[in-house]
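Accompanying notes for the structure given below.
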Amino acid sequence: MSVDKLLDYLEPKTFGKIHYVVVVFWILIGVIPLVIFAEMENSEPRFDFRCGAAKSKNIDFVRGKCYEKYQEQYNKFALPVYGFVIINFVLIIFVCVIYSQIVRPTVNRLSRSIRNGDPERQSRNQENALSTGYKLFIAYCGQLSIKLVLGVVFIILQTQLLYPSKFSSKFHCYLTDGTTQPRNSSNNAQHSTLHDCHNQRATKKTFWMDFVLVLNGTFVVSILIEIVYIFFRAYRERDFMQNSKFQTSHLNPPEEPQQQEERIQLVVNISHEVQHQERTEHETNIPHLPSGPEQLVKSSLQEFIQNTKKMIMDDTYQPPQLQSLFPSPPGKGHPPKHLTLDQIYTNLVVVPNMADYDFTEDRRKNLQIYARSGVKNETLRGPEDILNHENKNILIVGRPGIGKTLCCTKILRDWASNKVFHKTPDDKIHFDAAFFVKFRLFNAATDLSLRELLTCSTYSPGNKLDEEVWNYILENPQKVILIFDGIDEFKDNSKIGTENKKPQFKNSVDEKMPLSALYAKLTTGILLKGAAVLTTTRPTALSCVESIRFHKILEILGFSSEQVEEYVTKFAEEDKEAGDTVKRHITSNVNILSLCYIPASCFIICSSLFKMVKFYGSKGLNLPTSLTAIYKRAAKIFYLRHNEEFRDEHFTRKDFESDELPPEEEKKLEKLKKLAFEGIKEGRLIFGANEVRGMEDSGLFHRLPDRELDLFSSEGQFCFIHLTMQEFFAAKYLVNNMSETELTNFVQINIRKGKWQLVFQFVAGLMENKNNLPSEIITDLLPVKTEEKESVRYNVQLTENEEKTKVTCWPTKDEQNLAVTLTKCLNENSRMKSEAQRKLQQINFNCVNFINCHLTAVDCSSLVNVINVQRISHLDLSYNNIGPLGCFKICKLLKCRESQLSWLNLAYNQLTDEAAKYLAEAINNNNCQLRMLHLSLNKVSDIGAQHLAEAINNNNCQLRTLFLSFNKISDIGAQHLAEAINNNNCQLRTLFLKANNITKAGEQKARNLLSNSQSKCKLIL
């Protein structure tokens, strides 16, 4: 019998977690001494036994007699060693097999009745009797005791009875002259012959007998430890002896047996009956179908996996959010430009370990997330960077529209096409089943079981899970991946932590409970332990999952500048000239480019601008730059291009420039605006078919799968194409339907709430042409308090006297976030911007302080457009995330003719060599008055150092102090800077280069260069 067949009789679920490994180890190791002893016993006699002092003609006779004497002394009972080894190992294995086969039916019944909970198979009384009995505990302890006794018996037999003297390689043999009987040496030595014999195999035999002894001893000790542990648990927990508790806590191996692995090998199954299109040209791994009765068991699993993968590949080929916004009627115009996921998908920038951030409900933090920890941004290379065998409970955080859902959809599609997570020899993790759960689809759901949840998941191929598929999922949770999308869109997300702190529902897969409780039990491993769980959320909902310990937390920041260009190139690959024009428009405007960091917004902007460029041509188009202007234009285009009434219309320039719609269409939009507003107010993103009746084809809604009301009826569900579009129409409702007093009160009450932040931005932009709504609704909220500070850190030049500089700072620390929100609102409205600048002039301050306010590049654009540079001498934007593009906007302040800015702190802002280049150009400008520049804790390398060296060597440069500590400057960059300050024209007096990549030799070379010159600059390395 082969080892594989022998293991088939040993059911892993009938043994303890560690004991099964010990038994398998015992079988595999036992083969080694068995083979060795069998070989020695067959070859040892007369071939490996040598005797001296014998005449050549009698040598075989002497050797035979002495070997008999040797056997009598060292093997008294004439039991061959290999026979002892066979009995030793086989008897213990026999006990294991008998035990496993006896309790196997009980374990299988428990797996179905207790774990699966099938009430149709047995009555409740039978189920309780089976669960609360003690058969498993008694049988398990009995087989342990038998093996313990056998192990001790074999040790005693080997050391005290059968082979007490082991086997000596040297043996003195006395044979009587002329006889065949050996004599006692003390009585007849004078008539006997002494033969010195040698057994060449004795040492080897003794070694392997010791090996068997150690193996027996180790086996006995391991059994004894397990027995003590079991009885200790039974003493402390009386219910531990019950069948159900004993099975789940002691007889549930962490890995499935090899037998089951081999039965469910995945093989490539390619259909030869269907003409494959691009979306279905993929391989599908499905479980191998064994022959015989087992074929019926596995066929439903095979069909389920095949249907799931096919449904995913079909439904994700062209996701609704990537379909053309401007389709032509069939047979007219150009074919619609529908994007495929594989064609347009662009990898995202992510930052690990975002759990340390203190997010609030303020929406500004939902739109301004960045890597405060300073960890280098990374681009995901594939799903394996998110999930692996060590990290299977993952949380993905990101602002609205940043690409969380599309990222998860891409993972699902790659799995369905066998690009990732499928069975290969090198893969440490693979999945046979995948389920995609969108939280927002379950906001109206009642209590449900795990089985019902999986059945209702987005890509579930049927209206129920087959019994065998369900059992396979329960027995193989490590082969299941669950994707939960959008915790922030779930109305009961605040209840997720409640179930962890105060459990209200049983830990059973059949227990019906709210989705919040079900999700908590899945992510904590109470249900389907070992399954991979991938969750997405916005930052404001992080507090809802703080009680869950995720293996890894990733935050998606969206696209980098390079990835925006890559996305635009992919978007317009059919028309390169138009694509280049759109790319130039986007990359040359920091507001549009910043908005394009959000993939959903990038799609909207690319669709709108591409259509506008195609209509107007690539020259002379003045594209909108404010967020409101873009959405006004995009919303109208969406509506016109999708509305049935206007689909065949030929649009003119006036149609694009105007944001007016026919009165009857405006009436429809009034209903839509109210719906959008009420949804934001109530935290509701899904609307029923009755609510959107008449607006289904407006191009502003996305159709979701119908929600079943009962067995025979269902209701259609819709959502806005994106949350920002819903927020835009909510803002239109506020502006068009509230009076001045109502809007003033509403803004004052909600200005600090995150969910209204973007809405108020749109409100400010929409008030541009509303004479009945004064700018004071927004501008009166602008902070007016200031704070005086006095410190040497505000000195423009370090001196020996270290005199302190006094500055008046705005805004104060408690109003910084409010000021950031309002500057973004003011930037949307030129009338408000002018009013705000007049108001700021009346406030006596000379230092703008936005330290650690989560500023991004787009916020810098708003800040530059609002603040008045004539009175500002100090600007502190340290510990933000403005990046090179934000730095580019700040440099506009330095170049302004009225600029009085002499002190600028941009430390810890993810600034690169590109930012250093922008600063160098600004420093060389005739209008620049900058004396102190703080760039520590950034990412400036030798290239950036060279740009700055050229700047401080310029006659226009007025810099006195430059901080470049904690960057990436090496000896080359240090030399460039040292040569620059060695120039007589250089006015720099202090240069900080601490904690860079400069070697000792580089430091010495820089100091030597300065010591041989008349430079007045102090170099601090």
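The values are calculated or read from the model by the stated rules, or taken from the named source; none is laboratory data. Owing to the predicted nature of the structure, the values given are computational and were not obtained by experimental measurement. Cβ sites come from the backbone with ideal geometry, for glycine too, and all protein chains shown count toward neighbours. Ligands, DNA and RNA are stripped out before the accessible areas are found, and what is left, the full protein with its side chains, is counted by its heavy atoms. Shrake-Rupley method; radii C 1.70, N 1.55, O 1.52, S 1.80 Å.
Just a few scattered comments:
- Selected residue [under 17 Å from L395 (Cβ atoms), modelled with pLDDT under 80 and in a helix (DSSP H, G or I)] from A520, A541: A541
- Candidates Y472, Y459 - the one that is in contact with a helix residue (DSSP H, G or I) (Cβ under 7 Å, 6 or more places away or on another chain), open to solvent by 10 Å² or more (accessible area, probe 1.4 Å), part of a helix (DSSP H, G or I) and under 19 Å from Q302 (Cα atoms): Y472
- Yes/no for L161 being modelled with pLDDT under 70 and of a type in the set (A, V, I, L, M): no
- Residues of region 929-953 satisfying the condition of being open to solvent by less than 50 Å² (accessible area, probe 1.4 Å), in a loop (DSSP other than H, G, I, E, B) and under 21 Å from R793 (Cβ atoms): L930, L935, S936, N938, V940
- Per-region count, region 687-704, residues at pLDDT below 80 and not hydroxyl-bearing (S, T, Y): 10
- Among the residues making up region 719-734, those that are more than 18 Å from R693 (Cβ to Cβ), assigned to a helix (DSSP H, G or I) and within 29 Å of the chain's Cα centre (by Cα) are L723, T724, M725, E727.
- For region 446-468, the set of residues classified as closer than 23 Å to T409 by Cα and of a type outside the set (S, T, Y) consists of L450, R451, E452, L453, L454, C456, P461, G462, N463, K464, L465, listed by residue number.
- Residue in region 705-715 that is under 24 Å from A444 (Cα atoms) and at pLDDT below 70 present: yes
- Any hit, region 994-1001, residues being within 22 Å of L933 (Cβ to Cβ), of a type in the set (G, A, S) and surrounded by 15 or more Cβ atoms within 10 Å (Cβ to Cβ): no
- Lone unmet requirement of (1) surrounded by fewer than 16 Cβ atoms within 10 Å (Cβ to Cβ); (2) modelled with pLDDT under 75; (3) in a helix (DSSP H, G or I) for G83: (2)
- Against the test of being of a type in the set (K, R) and either under 30 Å from K423 (Cβ atoms) or surrounded by 16 or more Cβ atoms within 10 Å (Cβ to Cβ) (or both), the options K502, K479 yield a single qualifying residue, K479.
- Flag if V820 is open to solvent by 50 Å² or more (accessible area, probe 1.4 Å), touching a residue at least 24 places away in the same chain (Cβ under 8 Å), of a type in the set (A, V, I, L, M) and under 30 Å from L773 (Cβ atoms): no
- Subset tally (residues that are at pLDDT below 80, of a type in the set (A, V, I, L, M, F, W, C) and closer than 30 Å to A541 by Cβ) for region 638-684: 1
- Taking first residues from region 784-804 that are among the basic types (K, R) and partners that are at pLDDT 80 or above and open to solvent by 60 Å² or more (accessible area, probe 1.4 Å), the Cβ contacts under 7 Å between residues at least 6 apart in sequence or on separate chains come to K804/E790.
- Of the helices (runs of 4 or more DSSP H) lying entirely inside region 796-879, those carrying at least 2 residues that are among the basic types (K, R) are 830-841.
- Among all residues of region 524-533, there is at least one that is open to solvent by 30 Å² or more (accessible area, probe 1.4 Å), aliphatic (A, V, I, L, M) and out of contact with any Phe, Trp or Tyr (no Cβ under 8 Å at 6 or more places or on another chain).
- Checked against the criterion of being farther than 20 Å from K785 by Cβ, touching a residue at least 12 places away in the same chain (Cβ under 8 Å) and surrounded by fewer than 17 Cβ atoms within 10 Å (Cβ to Cβ), the candidates S830, S878, S834 yield just one match: S830.
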